[in-house]
Structures are given as structure tokens and as C-alpha cells.
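Undergrad: Once you've had a glance at the structure underneath, I'll fire off some questions.
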């Protein structure tokens, strides 16, 4: 499936690269293109295509998941277009190819519009199409508590996962300067004291608390107000979840007693954690369980040399394996089905795998 997607994008880009030069010449000569420039283009188009496709590949234009396209992907398109056209200009100058200099300014801009537009069009059509498919089904109406970075990413995640049938309706935040502002198109309608009336007025079904750095007393108060609404209440736990800037739907869960008991905020030394794990062969026992799978997610972020997930239950282990491979394309990952009680099997694993670090999460 991935190869088919890459092949399709490359074929599409070939057409767009040719179209960009023809359009640039058309605009340059007001629709009356001189034949000699068309012949020059025809003589060099194969080399131009190869140069541009190689640079686009180097800039990850064929590895990005465009259904999640954002400003980062747009920057990749802009950078790839500029570098590719600089290399083409050097190539054309070296071989003294006859082409108006203005073309080298126009083509990069057209490349950005056509190639960037084709990628983002997929996201637009996907969203419109899924909205149409879900138009007859009921969507849960979601209130987000927290208008910070975490809240914004929760909104984005809910929109990207239409299978959740969840629609962000409004945001609550205690910062008065954010009231009447919009975060990803969702309005900030009040502070925590307004939770009750907002839920009633907006017919809210579910509340998601997205303030990972909230103090325990504030969190208790917010949860208490949410419980009074009778709406289902969920939470995005732990500030460490946002260290890499990533939030996903698997991290949104029901409020637990530990969230209310809380702990004082711990400042993590990311450098030391990274040094401890990066490049190491890491084994996580019980990796398919709730604690083990979260350990797998956190370890995967720090670029281990190899991650080994050991669990006695195949389904759990392969679920977290599939999740991690979707998130980290280049992660060296292996699932081992075995029991931690089988001493002989464990000895074989340790001898065969040359393990550096073990996280024991098996029951």
C-alpha cells in the first residue's frame, strides 16, 4: 500500500513538474511560447524530472502522511521546491540550455502552488468526504477544557479521527484574554465557572480536560464542576506526554483517582533520558499491557537502537507494534511472545538479542 502511494505521488509530480514549466513559459510570453524554448524544455525535461524527484524524496515529500498535513509539511514543500529549482538552474547553466531567466523565478512558485496544493487538496477532500459519510450519523459534542497547545492538538486529533464521531464544539479557559478567541476554528466561550451552563446551552455530551500541567487543586475543582454536568469526562494526562509535541487519541482516557491525588511536578532531564535509551537495545516485558504499552510509546520517542516487546498475549503485543510502526517508520521493532516465568526462554532471548536496557512491566 505504501509503495502504491509513493508511486502515485511520483507520477503525479512528474505531471506537475512538466505543467509548471509549460505554465511558466505561457505566462512569460503571454500565451505565445517561442518554439526554441519548448525544444530546450523537451531536451532537458528527463534530467529536470530526475533531479526534482530525488530532492523531493530527500525532503520526505513521499513519506509524509498527507491526511495529517500541517505547516510542517508546507515548509517541506517550500524547501524542496527552492532547492530543487536551484539545482536545476545550475544544471541548465552548466549545459548552456537556452531558457529565460525569469523562468527560474516563476517555476519554484508554481511548483509550490501545484505540489503543495495537490497534497493539501487530499486532506480537504478527505475531510469533506468523511463529513458527508458521517452526516447521517450522530456525532458526540465535545467541550475542551484548556485553550493551550494541548487543547489545540486534541481538537486536531479529534478531527483527524472521524471514526470517533466526535465534534469539538467549544473551549473553556481561565485566561480572560482568550475569551471570544478561536483555536483551530473552535470558540473559547468562558472559564471553568461557566462549564455547567456551557454544557447545557451547547448540549455537550463529553468533556475533555486538556491541561497536562494543571495543579492538583485546580484539577480537582475542574473535575468537580465537570461531574456536576453529568457529561462523560475524560482527561489528557501528564505533562510528559507533550515533551515531543505529540498528542494522540490513545492518550485521552477517563479521569482516574490518581489524577486527583496528583503529584508535585517533576522536571525531567530529557538529555539524560535520551542518552540512556538512544541507540540501545531495549526490552520491555509485559509490553502489551496498559503500563507496558505506555512505556513502549515513551521509549520509541527516544530513538532506541532496537525495541523488543515481550508479552504472553499476542493480540496486545501486536496492537502496540502496529501503533508504533504507524508512528515511527524507521523504528527497529520486534515482538517476542513468551512468558517471564519461562527462565530458559528468557535466557535464550538475552543471549540472542544482546539487550542493554530492560523495563519490567509484566505482572
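The values are calculated or read from the model by the stated rules, or taken from the named source; none is laboratory data. Keep in mind the model is a prediction, meaning the values are calculated, not measured. Methodologically, a virtual Cβ is constructed for each residue, glycine included, from the backbone with ideal geometry; neighbour enumeration extends over all protein chains shown.
Undergrad: Any idea which of 115, 49 is closer than 28 Å to residue 156 by Cα and either without any contact (Cβ under 8 Å) to a residue 60 or more places away in the chain or in a helix (DSSP H, G or I) (or both)?
TA: Step by step, each of 115, 49 is checked, and only 115 is closer than 28 Å to residue 156 by Cα and either without any contact (Cβ under 8 Å) to a residue 60 or more places away in the chain or in a helix (DSSP H, G or I) (or both).
Undergrad: Restricting attention to the range 303-316, which residues are crowded, with 18+ Cβ neighbours inside 10 Å and either over 18 Å from residue 340 (Cβ atoms) or at pLDDT below 90 (or both)?
TA: 304, 316
Undergrad: Let me ask something else about it. Does at least one position in the range 87-101 carry a residue that is surrounded by 13 or more Cβ atoms within 10 Å (Cβ to Cβ), at pLDDT 75 or above and either under 17 Å from residue 19 (Cβ atoms) or touching a strand residue (DSSP E or B) at 6+ places or on another chain (Cβ under 7 Å) (or both)?
TA: yes
Undergrad: Please find, among 211, 195, the residue that is part of a loop (DSSP other than H, G, I, E, B) and either free of Cβ contacts under 8 Å to residues at least 40 places away in the same chain or within 15 Å of residue 255 (Cβ to Cβ) (or both).
TA: Being part of a loop (DSSP other than H, G, I, E, B) and either free of Cβ contacts under 8 Å to residues at least 40 places away in the same chain or within 15 Å of residue 255 (Cβ to Cβ) (or both) holds for just one of 211, 195, which is 211.
Undergrad: Limited to the range 41-57, what total is found for residues that are farther than 17 Å from residue 8 by Cα and out of contact with any helix residue (DSSP H, G or I) (no Cβ under 8 Å at 6 or more places or on another chain)?
TA: Here the count works out to 3.
Undergrad: Residues being touching a residue at least 40 places away in the same chain (Cβ under 8 Å) and more than 18 Å from residue 89 (Cα to Cα): count how many of those fall in the range 17-35.
TA: 1
Undergrad: Among 33, 83, which is the only one that is assigned to a helix (DSSP H, G or I) and in the same structural domain as residue 119 (by TED's automatic domain parsing)?
TA: After applying the criteria, what remains is 83.
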